[in-house]
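The values are calculated or read from the model by the stated rules, or taken from the named source; none is laboratory data. This one's a predicted model, so the numbers in the text were calculated from it and none came from an experiment. Note that each Cβ is placed from the backbone with ideal geometry, even for glycine, and that neighbours are counted across all protein chains shown. Calculation scope for accessible area: heavy atoms of the full protein, side chains included, ligands and nucleic acids excluded. Shrake-Rupley method; radii C 1.70, N 1.55, O 1.52, S 1.80 Å.
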Amino acid sequence: MGAKILYIEDNEANRMLVRRILFVEDYDVVEAADGPTGIDLAREHLPDLILMDMNLPDVDGYELTRRIRNIPELQHIPIIAMTANVMHGDREKTLEAGCDGYIPKPIDVDALPEQIKTYLEAKGRG
């Protein structure tokens, strides 16, 4: 298996799509449907990368990113926003919250593996 990726996303169809795309690329995908589970799984698995939906129902992805950034053993993990928030300023808002990158939805299934690889390589994990 390749790099371990934690995908925090409440939409099951989105999780299934991303899981299928990344499985083909030999990534190990761990999934969380909500923020608290995402933090627990991040602590348990120490993933190489976190894909973060910004529109989670309990704790939004902005707040969840800030919380993860305050956990010493998780601070080094790249967090990439994966969001349908694509209005002017939304990318900047994700970066201000502590995300290392931004992938807009709907996901480009052909581009996603290369985007993930680029983020992993930027952090020396590719």
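Some points to look at:
- Residue within the range 78-93 that is at pLDDT 95 or above, out of contact with any Pro (no Cβ under 9 Å at 6 or more places or on another chain), basic (Lys, Arg) and part of a helix (DSSP H, G or I) present: no
- Number of positions in the range 56-65 that are over 19 Å from Lys123 (Cα atoms) and assigned to a helix (DSSP H, G or I): 4
- Taken over the range 71-121, the residue count meeting the criterion of being under 21 Å from Leu41 (Cα atoms) and either open to solvent by 30 Å² or more (accessible area, probe 1.4 Å) or hydrophobic (A, V, I, L, M, F, W, C) (or both) is 17.
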